[in-house]
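Colleague: Dropping a structure here in structure tokens format, bear with me for questions.
The values are calculated or read from the model by the stated rules, or taken from the named source; none is laboratory data. Remember, it's a predicted structure, so these values are computed and weren't measured experimentally. In this analysis, Cβ positions are derived from the backbone assuming ideal geometry, glycine residues included, and neighbour counts consider all displayed protein chains.
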Amino acid sequence: MGAWLTTRKALLLDLDNTLYDWVAYFAPALRGMCRALSEATGLSTGLLFEEFKTVFAKHGTVEYSFALQELPSLTRLHPGASDVALFERYRGVVEVFQHRRRAYLQPYPGVLEGISLLHRGGYAVIGVTDGRRFQAENRLRQLGLDTVMDGLCCVSDHAVPDAETVAAIRQKEEGRYRSAVKRVHVLPSGLRKPSPEVLDYVLRAEGIPYEAGMYVGDSLAKDILMAQRAGIYDCWARYGARVSPLDFATLVRVTDWPPKAVNEALNPSPQRLGILPSFVADSFDDVVRLALMAPDERPPRHVPARPRQLAFAEIGPTMVKGGARAA
């Protein structure tokens with residue numbers, strides 16, 4: 001027990017719906033922005049949701065930062081207008097999204113205090129996300145989590161318009177959009193959850209062996225399956241899988257998830273998916289309690305008899321990260 005307390009260890013944490021409720025901020029923020037844009041243009045909110053869905057699908061994520069400027073109906077209303085001109089005209093609409101993001105984005109209870117306890121227990125705390133770097137760092141910075149996280153593993157930022165457009169839209173100098181996270185590891189192109197190589201990449205970068213690592217996430221198919229395939233102790237953040245039906249319905253409106261996938265995400269079931277987590281956490285306090293146990297005190301790690309690749313409809317959708325942020 002004494003040796004374990006002094007061993008350098010890594011707690012690898014999914015970000016969205018593990019450290020904070022991403023769904024609870026993004027969905028109300030998007031609804032508010034669509035209503036404000038409808039009032040400003042006369043376009044129906046239903047049409048705007050459909051067009052956001054098209055733009056998000058084009059870029060493969062709702063993390064695309066310039067979605068508003070690519071809405072077909074908006075560009076038809078203002079033919080020839082530049083991205084900067086559209087942003088300036090609808091700055092107030094974008095600010096509705098930003099205001100709601102600031103109001104609704106909160107860490108789960110116990111996260112800040114828990115991470116401090118984990119540090120005292122010898123843990124390096126590393127965020128692991130399929131989210132883009134800009135959005136991931138921005139959320140950690142807003143929540144004050146960037147000063148307590150030891151590292152972040154994320155995806156490189158998407159392509160942006162020309163530098164002049166970005167400079168005109170962003171209201172702060174570039175450095176203000178980065179976080180205070182000590183180490184940022186950008187995943188190689190094409191490497192994404194649930195590949196176990198994601199965890200191999202992070203642990204190698206941090207210089208921590210598998211047996212000294214633990215992984216926590218809210219998605220059974222992406223997080224728990226990945227950890228089990230990698231051979232690292234897994235913890236299901238079941239608390240993060242509990243989302244508002246209204247907010248989830250908003251996400252469904254702007255994604256192209258098939259009905260079966262929607263049902264799996266709204267009603268996650270370890271038995272139905274055949275993915276049995278080694279430990280189930282109903283709060284972040286449960287995560288901390290587990291991490292501070294000695295290895296021989298934890299429930300046995302579940303090892304799938306025959307791991308298999310799940311079809312998308314079996315897995316259920318991943319909460320596509322980010323927001324329809326124009327700046």
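Colleague: Here are Glu63, Glu50, Glu70, Glu39: which of them is in contact with a strand residue (DSSP E or B) (Cβ under 8 Å, 6 or more places away or on another chain), under 27 Å from Glu88 (Cα atoms) and not small (Gly, Ala, Ser)?
Modeller: Going through Glu63, Glu50, Glu70, Glu39 in turn, the sole match is Glu63.
Colleague: When you look at Lys58, is it on the phi < 0 side of the Ramachandran plot, out of contact with any Cys (no Cβ under 6 Å at 6 or more places or on another chain), buried (at least 16 other Cβ atoms within 10 Å of the Cβ) and among the charged types (D, E, K, R), yes or no?
Modeller: The answer is no for Lys58.
Colleague: Further question on the same structure: In the range 92-147, which residue that is in contact with a Gly (Cβ under 8 Å, 6 or more places away or on another chain) and among the small types (Gly, Ala, Ser) is surrounded by the fewest Cβ atoms within 10 Å (Cβ to Cβ)?
Modeller: Applying the filter and picking the extreme gives Ala124.
So that you can scan it fast, the table gives a plain yes or no per residue for (1) surrounded by 21 or more Cβ atoms within 10 Å (Cβ to Cβ); (2) within 23 Å of Phe56 (Cα to Cα):
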position	(1), (2)
Val202	yes, no
Ile232	yes, no
Val252	no, yes
Asp282	no, no
Val288	yes, no
Asp296	no, no
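Here is a yes/no grid of residues against (1) at pLDDT 95 or above; (2) outside any loop (DSSP other than H, G, I, E, B); (3) of a type outside the set (Phe, Trp, Tyr):
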{"residue": "Glu51", "(1), (2), (3)": "yes, yes, yes"}
{"residue": "Val55", "(1), (2), (3)": "no, yes, yes"}
{"residue": "Tyr64", "(1), (2), (3)": "no, no, no"}
{"residue": "Val84", "(1), (2), (3)": "no, yes, yes"}
{"residue": "Phe87", "(1), (2), (3)": "no, yes, no"}
{"residue": "Glu113", "(1), (2), (3)": "yes, yes, yes"}
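Colleague: Out of everything in the range 207-225 that is touching a Gly at 6+ places or on another chain (Cβ under 7 Å) and either surrounded by 19 or more Cβ atoms within 10 Å (Cβ to Cβ) or among the polar types (S, T, N, Q) (or both), what residue ends up being farthest from His119 (Cα to Cα)? Spell out the reasoning first.
Modeller: Just the residues of the range 207-225 that are touching a Gly at 6+ places or on another chain (Cβ under 7 Å), to begin with: 210, 218, 221, 223-224.
Keeping just the survivors that are either surrounded by 19 or more Cβ atoms within 10 Å (Cβ to Cβ) or among the polar types (S, T, N, Q) (or both) gives 218, 221, 223-224.
On the way: Asp218: 22, Ala221: 28, Asp223: 23, Ile224: 23 Å.
My answer is Ala221.
Colleague: Still on this structure, please answer the following. Name the helices (runs of 4 or more DSSP H) wholly inside the range 179-297 in which the number of residues that are closer than 30 Å to Thr54 by Cβ and of a type in the set (S, T, N, Q) is 1 or more. So that I can check it myself, show each step before the final result.
Modeller: Working: elements: 197-206, 225-230, 245-253, 259-266, 270-273, 284-291.
Of the helices (runs of 4 or more DSSP H) lying wholly inside the range 179-297, those with at least 1 residues that are closer than 30 Å to Thr54 by Cβ and of a type in the set (S, T, N, Q) span 245-253, 259-266.
Colleague: Before we move on, is Thr129 among the hydroxyl-bearing types (Ser, Thr, Tyr) and either free of Cβ contacts under 8 Å to residues at least 40 places away in the same chain or farther than 27 Å from Ala40 by Cβ (or both)? Steps first, answer last, please.
Modeller: Working: among the hydroxyl-bearing types (Ser, Thr, Tyr): yes; either free of Cβ contacts under 8 Å to residues at least 40 places away in the same chain or farther than 27 Å from Ala40 by Cβ (or both): yes.
Judged against the criteria, Thr129 is a match.
Colleague: Right, another one. Among the residues of the range 199-214, what is the count of those that are over 12 Å from Ala230 (Cβ atoms) and hydrophobic (A, V, I, L, M, F, W, C)?
Modeller: 3
Colleague: Tell me, which residue of the range 88-114 that is within 30 Å of Thr41 (Cα to Cα) and acidic (Asp, Glu) is nearest to the chain's Cα centre (by Cα)?
Modeller: For the range 88-114, the residue satisfying everything is Glu95.
Colleague: Limited to the range 115-140, what total is found for residues that are part of a helix (DSSP H, G or I), under 14 Å from the mean Cα position of the chain (by Cα) and not hydrophobic (A, V, I, L, M, F, W, C)? Don't jump to the end; show me each part of the working.
Modeller: In the first step, residues of the range 115-140 are kept if they are part of a helix (DSSP H, G or I); the result is 115-120, 133-140.
Now restrict to residues that are under 14 Å from the mean Cα position of the chain (by Cα): 133-140.
Filter once more, so that each one left must be not hydrophobic (A, V, I, L, M, F, W, C): 133, 135, 137-139.
Qualifying residue count, the range 115-140: 5.
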